[in-house]
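What follows is a single structure, written as C-alpha cells, with notes after it.
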Amino acid sequence: MPLWVGGSAKQAIERTARWGTGWQAGIASAGNVGPVVRAIKARAAELGRSIDEDHFGAGFGFRFGSPDEPIMRRYIDGFTRSTGQPPDAFTAVGGVEEIMALLRGFQSAGAHKFILRPIASGADEVMGQTRRLIEEVLPEVAALN
C-alpha cells in the first residue's frame, strides 16, 4: 500500500525516509521543498531505502485571471492572515505562463506530482478554471515529460 507522508519538520522527514513511499508538501514554496526532498533522500539512503524520484509532490492554488479580482483579494487576505506570509510563492495567478513557472520551480526543487487547487467561487467557476487547466496547461506539462 502506498504511504505518502507530509510535513517538513525533522520528524516528518524521518517518517518519510523510514516508512514512506512518497512525500507531499503542505503549504510550502519551491524554495522550501528542495531542502526537504534532499533531506528525505539522504536519510532514506542512510536507512538503506530509496523513494522513487517521481514520488515527491507539491500543491498550490491557481487562477486564470488577475490578482485584482475580488475573489483573489479575498484569497490573498485570507492566506496572508492565516499563514503570516503573502501567497506569491504558493499561488499562480494569470495564465499558462504563471502556472507553468510555478510548476517548473517546484519541479526543479524535486517535486514531480502536483495537486493544483482552483481558486474559484461556486461549482461553475471551479469547473471553468479546471477546464482551462486541462485544455491550456496539461499540453505544456506533457511537453515537460
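The values are calculated or read from the model by the stated rules, or taken from the named source; none is laboratory data. Predicted model, so just to flag it, every value in this text is computed and none were measured. Neighbour counts are summed over all protein chains in view; Cβ atoms, including those assigned to glycine, are modelled from backbone coordinates with ideal geometry.
Comparison of 99, 71 shows that the only residue that is among the β-branched types (Val, Ile, Thr) and over 21 Å from residue 31 (Cβ atoms) is 71. The criterion of being basic (Lys, Arg), on the phi < 0 side of the Ramachandran plot, crowded, with 16+ Cβ neighbours inside 10 Å and at pLDDT 95 or above holds for residue 41. Taken over the stretch 12-33, residues that are of a type outside the set (D, E, K, R) and either part of a loop (DSSP other than H, G, I, E, B) or surrounded by fewer than 18 Cβ atoms within 10 Å (Cβ to Cβ) (or both) amount to 10. The set of residues in the stretch 50-79 being touching a residue at least 24 places away in the same chain (Cβ under 8 Å) and among the acidic types (Asp, Glu) consists of 52, 53, 54.
Test of understanding: among 31, 78, 65, 22, which residue is touching a helix residue (DSSP H, G or I) at 6+ places or on another chain (Cβ under 9 Å) and under 19 Å from residue 117 (Cα atoms)? Unique residue meeting the criteria: 65. In summary, helices (runs of 4 or more DSSP H) completely within the stretch 75-145 and bearing 2 or more residues that are more than 17 Å from the chain's Cα centre (by Cα) occur at 123-132, 138-144. Within the span defined as the stretch 49-59, every residue fails to be assigned to a helix (DSSP H, G or I), surrounded by fewer than 16 Cβ atoms within 10 Å (Cβ to Cβ) and of a type outside the set (Phe, Trp, Tyr).
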